[in-house]
Amino acid sequence: MHGESTRLTKLVQDLLLLAKIDKAPTLAIQLKKTELHPLLIELEPHLQMLAGSRTVQVEISFYSKLQIDPDRMKQVILNLFQNAVQHTDPKQGNIKVSLKDAVGGVLLTVKDNGSGILLEHLPHLFERFYRIDTARTRALGGSGIGLAITQSIVEAHGCRISATSEPGKGSSFTVWLPLPYDKTEKSP
């Protein structure tokens, strides 16, 4: 009963957030110049707990500050991670969370070795209530709104999210976050 209660509470919270997004097209976020790697380190024990017996790797090679809402960015990481957990085998599962430099920004990636996603489903992943296999996601507790919420948060930050996948080999969700522009720097 506790598990079901927790699931329903999260569903209600997600639906309330979607209602707020509908009411105000741009999600209200509190941008602060923040380092993302400490947030990831702070979340690591929670990620390990959520993963159960799945293997979790956290790789960090980016240490600069970004203009982000720390709480909302934690929500992005948790949503992507929970999605990976749901679609990765409990015993053979391997989930990797990485943070690394990219051109003009940083890449936050959550990659799993789960069942993967067929190519025809990739363009629809971020649509509200879209579920690839309704019977399977119902059994796993998916509501089809986590990725839609994640995309709204990412876009409110002026960032981009994308997904790649290969059936039978897993999926990778990547968020590109721009480096803050320093107005005091002179152009070459």
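A Förster radius of 30 Å combined with the Cβ-Cβ distance from GLU166 to ILE41 puts the calculated FRET efficiency at roughly 0.50. Given R0 = 35 Å, the distance between the Cβ atoms of ILE60 and HIS121 translates into a calculated FRET efficiency of 0.70.
Excluding ASP71 itself, what net charge comes from residues whose Cβ is under 13 Å from its Cβ, given Lys and Arg +1 and Asp and Glu -1?
On the way: positive: LYS32, ARG72, LYS74; negative: GLU42, ASP69.
Residues near ASP71 contribute +1 overall.
For THR55, the residues whose modelled amide H falls within less than 5 Å of its own, excluding neighbours fewer than 5 places apart on the same chain, are GLY93, ASN94, ILE95. Hull volume per residue, based on the alpha-carbon atoms of region 29-101 and their convex hull, is 77 Å³.
Each residue of region 164-174 was assigned a 3J(HN,Hα) from its phi angle through the Karplus curve 6.51 cos²θ - 1.76 cosθ + 1.60 (θ = phi - 60°); the sequence is 10, 7, 9, x, x, 10, x, 9, 9, 10, 10 Hz, with glycine and proline shown as x.
Read-outs throughout are calculated quantities, based only on the coordinates presented, and are distinct from any laboratory measurement. Remember, it's a predicted structure, so these values are computed and weren't measured experimentally. Using ideal geometry, Cβ is built from the backbone for each residue, glycine included, and neighbour counts are taken over all protein chains shown.
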